[in-house]
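Structure first, commentary second.
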Amino acid sequence: MAVLLPVRWHGASRLARLRSLLSARGGEWLREWSSEKAALEFNLEPLDSGVGAGQWFATRASGGTVHACMASAAFDQLGRRLLGSNESDTLGLAEGVGRRAWSDLMRAWFAAASEADALSDAAAPSERALTARHGVVGLLVQVAGVRIALYLDAGVCDALVPVDKPAAALALSKRGDAMTQAQVGLEVVLDLGMAEIGQAFDLRPGEIIRTAVKLDTALTLRSASGAALARGQLIAQDGQRAIRISSISMQQGATS
């Protein structure tokens with residue numbers, strides 16, 4: 001049965017952080033394993049294509065699996081480079097040094113629990129399991145001419161460079177709570193009844209217009225749009241004019 005792999009891509013900044021972390025650890029590893037006369041350099045680059053046919057190894061790392069592909073003589077070459085020797089080794093000592101050094105690098109990089117977890121023979125993975133569209137990161141390790149292709153699955157990448165959690169969303173206020181904090185313009189309408197137009201023309205400062213409206217007649221409180229909100233009486237409180245609400249007549253959409 002085919003296994004469906006999720007589609008996932010890593011951003012450029014995250015890939016740069018991943019390579020920077022591994023390069024720093026790789027440099028420390030090389031200083032510990034190489035002899036003074038070796039004068040080797042450690043390079044880690046994005047893998048554009050594979051290194052050709054070769055042996056496959058797997059590392060059971062924290063969070064996932066790392067696959068490595070290298071030439072059949074890669075461990076022997078790596079061991080001789082680390083020892084600073086160009087002579088052929090018929091006893092297999094250089095190969096042993098190279099294998100042990102590579103295993104140590106895998107443990108330093110990916111927190112493998114044991115040497116067996118750090119380096120074990122493996123079959124070639126499926127092509128889909130090595131593609132970037134499924135969150136796999138391909139890297140090319142080069143140490144003094146020895147080329148090794150690495151493929152880190154998405155789980156390993158997350159363990160090395162955790163995905164940044166999105167910022168917590170701001171808590172939203174309930175609609176009613178938000179509306180109660182808003183301000184609204186109010187108008188008070190006092191119905192004074194009818195008067196002759198001639199009286200209006202003859203008005204002078206200090207004159208009093210008597211109406212038929214009683215003193216305790218209710219006022220109408222309206223919104224800026226003209227909708228009736230409430231009725232009440234005009235009173236004085238703490239030296240200021242105020243309205244004592246006697247009834248509510250708020251209509252739907254009155255405050256709009």
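Details
- Simple spin-label estimate for N43 and D216 in nanometres, 7 Å along Cα-Cβ: 10.0
- In Hz, Karplus ³J(HN,Hα) per residue of region 123-134 (6.51, -1.76, 1.60; θ = phi - 60°; x = Gly, Pro): 7, 5, x, 5, 4, 5, 6, 10, 9, 5, 5, 10
Taken together, the values in this text are just the output of simple stated rules run on the coordinates, not laboratory data. Everything numeric here is computed off the predicted structure, so don't read it as measured data. Because the Cβ atoms are built from the backbone with ideal geometry, glycine has one as well, and the counts that use them run over all protein chains shown.
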